[in-house]
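The values are calculated or read from the model by the stated rules, or taken from the named source; none is laboratory data. On a predicted model such as this, the values are computed, not experimentally measured, just so you know. Cβ atoms come from the backbone with ideal geometry, glycine included; neighbour counts cover every protein chain shown. Side chains are part of the model used for accessible areas, which takes the heavy atoms of the whole protein and leaves out ligands, DNA and RNA. Shrake-Rupley method; radii C 1.70, N 1.55, O 1.52, S 1.80 Å.
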Amino acid sequence: MNNIMIIGIAGGTGSGKTTLTQKIKEVFNDDVAVLSHDYYYKSNSDLPFEERTKLNYDHPNAFDTDLLVEHLRELKQGKAICHPVYSFVEHTRLEETVEIMPAKVIIVEGILIFENKELCDLMDIKVFVDTDADLRIIRRLLRDVKERGRDLDSVINQYIGTVKPMHEEFVDPSKKRADIIIPEGGFNSVALSMLLEQVRNFIAEN
């Protein structure tokens, strides 16, 4: 149970969480496994597509966090898990799953991972990526339109209707649980170097 480090990387939408995660993964390769909270969106397959598009996907209740907690506990026990695959185009889970093997370091990444105390309690290091709102919304627009098949109007409406208010209600207050706050995430070379050194030392000792 003590030879696996779990790092939580939280922050608002478009803050640079994924960039920071990727840079750590690139350095340590197979010693790092990554689980995104986004994999664990509830399926809502019982609802018609039109209703699924109107749901609040930035509220803690949108996620099956209990399943993520269960999977992390299994990984810490040395067991492989199969995480869900979520379609952001269809707003539901796909039939397929992805197998993740235990690794020395597991990164959990998501906007709301610090909101849940049970999930936080599993983490050895909690990192909050703090980025200005104007930069975050630009990144969100580019990602959702280019990578997730969304149209511009729907992304803007969602940001105004749920993303911004949920950030203010849940995401930003959750940074009080962070051990480290990194402005600009993976683009902050000094903070990245310090985090990489901690991971490197842990891997060397385990």
Under the definition of Cα pairs under 8 Å and six or more residues apart, what whole-number percent is the relative contact order of the range 35-82?
41
Quick check for me: using +1 on Lys/Arg Cβ and -1 on Asp/Glu Cβ, what's the dipole size of the range 88-206 about its Cα centre, in debye to the nearest 20?
180
Taking the Cα centre of the range 89-154 as the origin and placing charges on Cβ (Lys, Arg +1; Asp, Glu -1), which of VAL108, LEU135, ILE125 is farthest toward the positive end of the dipole?
LEU135
Could you provide, to the nearest whole Å², the per residue accessible area of the chain with probe 1.4 Å?
50
Net charge of Cβ neighbours under 15 Å - reference ARG200; Lys, Arg +1; Asp, Glu -1
-3
Would you please state which residues of the range 97-112 a label at PHE88 would reach in this model, taking the label point 7 Å out along Cα→Cβ and a backbone N cut-off of under 15 Å?
109-112
For the range 58-153, listing GluC sites (Glu not before Pro) in a DSSP loop whose Cβ sees at most 12 other Cβ atoms within 10 Å gives GLU147
In the range 12-56, whose amide N lies under 16 Å from the spot 7 Å out along Cα-to-Cβ of PHE187? List them in ranges.
12-23
Taking the Cα centre of the chain as the origin, how large is its charge dipole in debye, to the nearest 20, when only Lys and Arg (+1) and Asp and Glu (-1) carry charge on their Cβ atoms?
340
Efficiency of FRET between GLU169 and VAL98 - r from beta-carbon atoms, R0 22 angstrom, step 0.05:
0.10
Counting only protein heavy atoms, what percent of the accessible surface of the range 37-164 is carbon or sulfur at a 1.4 Å probe?
50
So how far apart, in nm, are the two label points at VAL145 and ALA204 if each is 7 Å from Cα heading toward Cβ?
4.6
Extension gain from GLN77 to LYS54, taking 0.36 nm per residue of separation minus the Cα-Cα distance
4.5 nm
Taking r as the C-beta separation of ASP66 and LEU152 and R0 as 25 Å, the FRET efficiency to the nearest 0.05 is 0.10
